[in-house]
Every structure is written in structure tokens, then in C-alpha cells.
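The values are calculated or read from the model by the stated rules, or taken from the named source; none is laboratory data. Just so we're clear, the structure is a prediction, and the values are computed from it rather than from any experiment. Glycine also receives a Cβ, built like all others from the backbone with ideal geometry; neighbour counts cover every protein chain displayed. Calculation scope for accessible area: heavy atoms of the full protein, side chains included, ligands and nucleic acids excluded. Shrake-Rupley method; radii C 1.70, N 1.55, O 1.52, S 1.80 Å.
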Amino acid sequence: MKKFEVKQGDCLIADPFLTDESFTRSVVLICEVNNAGALGFIINKSLPQKLDSLVKEIGTCPFPVHYGGPVKLDTLHFLHSRPDLFPDSFKVDHGIFWGGNFDIAMDLIKNNEIDGHEIKIFLGQSGWDDQQLSREIEGKTWLKTESSQKLLFQENPKLIWKESIKTLGKKYEEMINYPLDPTLN
């Protein structure tokens, strides 16, 4: 079996016909890859809840929260572009960082010192065990592209899947118009 390498900083683009409800038309930024598997966050699915409904201490703060994936739905995570504000964060890729002091993040958001162009909050995460993701990529469940701040901090999350497909080149662009259900075509 040919092994498909997945590395930290890759973005995984869901096949247009993927029927797994958690991952339909999703883009996942891979933040960590090790011998146990891979971990990342779906970057293009907004949740109806706002941050103040999940973190009561923040007061009234209707900051957007995104669905990071179906694993550990009792956890909040954040990706950002400001390592100067979070020196204890983990570098994922060029200009993209994961985590840091959560209390500092909440204060910065509450005081409007950082915005959605610099930080993205996630409820839950996505994860795969050691060879699972390689098998899914080989089975054409996922396409790979490189991450970018432009994709991660896209103002309209609904455009991220289409924009990520475009990074793959012209031969993939027709996929943008595929219906969710091919039987309706």
C-alpha cells in the first residue's frame, strides 16, 4: 500500500461527495502529526453559538465560534496569527499558530484587541489514528493543499471549501459546482 504523507500545515479538502455529516464539504487544517496519528481543526464550519454562550466569564461578547470537529466537543481551541501576543503558542505553518494562554486570548477578544482576522476559536477537534488518514487519502476521501492565512481567516467560512479547491489548479475547479447529492444532477 502506498503511504500518503500528511504533514503539519497541510489542509485537507473533503471530497465533494463525502457523506460523513461532520466532514461534508469541510477543510481541515492539520496542526499536529506524530506516531499516534494526526490532529486538526475544520476551518470552514461556523457554529450558531457565540463565544459568550460557551465562556460565561467573558461577559457579552458575540465572537464567532467554529466547529473544529467531532472529537472532544467539550474543549475550546484557537488558531491565530499573533505569536507576539501568545509566546507559548505552537507554530503550525507560516504565520499560523495554535494555542497559547487561553485567558489572555479571552481578554484580548473581550477588549477588542484582536479580531477574527487574527484569531479563530474552535469547539472540538478532528483526529485520526496512525494510518487512518493515509488510508482515507488513498481512498480519495481527502485532497491535500497547503495552508494559508488567507484560507484560515477568510471572512466568509462558506467560501473556504471552494477557495481551497481552486488552489489545486484548473483540473479540480469543476468540483466546486458538484451537487451535494449526485443523484440530483
Worksheet item: For the stretch 1-115, with the dipole built from +1 on Lys and Arg beta-carbon atoms and -1 on Asp and Glu ones, taken about the Cα centre, which of L12, V71, I43 lies farthest toward the positive end?
Response: L12
Item to complete: Please list, or write none, the lysines whose alpha carbon is within less than 23 Å of the alpha carbon of K45, excluding same-chain residues fewer than 8 places away.
Response: K7, K56, K72, K91, K110, K120, K140, K144, K150, K158, K162, K166
Response to the item:
Measuring from its Cα centre, the stretch 39-114 shows a charge dipole (+1 at each Lys and Arg Cβ, -1 at each Asp and Glu Cβ) which, in debye to the nearest 20, is 280
Discussion item. Which one, N112, L143, Q154, projects farthest toward the positive side of the charge dipole computed for the stretch 66-162 from Cβ point charges (K/R +1, D/E -1)?
Written reply: L143
Practice prompt. Report, by chain and number, residues whose modeled amide H sits under 5 Å from the one on E146, excluding near sequence neighbours (fewer than 5 apart, same chain).
Written response: C11
Worksheet item: Shape call for the chain from the C-alpha gyration tensor, a ≥ b ≥ c root eigenvalues: rounded (a/c under 1.5), prolate (a/b greater than b/c) or oblate?
Response: prolate
Discussion item. For the stretch 41-143, which trypsin sites (Lys or Arg not before Pro) pass both filters: DSSP loop (anything but H, G, I, E, B) and at most 10 other C-beta atoms within 10 Å?
Written reply: K140
Worksheet item: Given charges of +1 on the Cβ of Lys and Arg and -1 on the Cβ of Asp and Glu, with all other atoms neutral, how large is the dipole of the stretch 74-169 about its Cα centre, in debye to the nearest 20?
Response: 500
Response to the item:
Spelling it out for V92: with amide H atoms placed in the peptide plane at 1.01 Å from N, the residues 5 or more places away or on another chain with amide H under 5 Å from its amide H are F97, W98
Worksheet entry | Accessible surface, the stretch 94-140, averaged per residue in Å² (probe 1.4 Å) | 49
Worksheet item: For the pair H117 and N34, what calculated FRET efficiency results from E = 1/(1 + (r/R0)^6), where r is the Cβ-Cβ distance and R0 = 30 Å, to the nearest 0.05?
Response: 0.50
Discussion item. Based on DSSP loop calls and a cut-off of at most 16 other Cβ atoms within 10 Å, the longest stretch of the chain free of exposed chymotrypsin sites (Phe, Trp or Tyr not before Pro) is what?
Written reply: 18-185
Worksheet item: Distance from the Cα centre of the stretch 66-137 to that of the stretch 142-169, in angstrom?
Response: 17
Worksheet entry | Cβ-placed point charges (K, R +1; D, E -1), dipole of the chain about Cα centre in debye, nearest 20 | 500
Worksheet entry | GluC sites (Glu not before Pro) within the stretch 20-119: DSSP coil, no more than 13 neighbouring Cβ in 10 Å | E21, E113
Response to the item:
Expected vector for the stretch 129-144, Karplus 3J(HN,Hα) from phi with 6.51, -1.76, 1.60 and θ = phi - 60°, integer Hz, x for Gly and Pro, equals 7, 2, 9, 4, 5, 4, 5, 5, 5, 4, x, 6, 6, 10, 10, 10
Discussion item. Per DSSP helix of 4 or more residues, -39500 (n - 2.57); summed, then divided by the residues of the chain. What does that give at 222 nm, rounded to the nearest 500?
Written reply: -4000 deg cm²/dmol
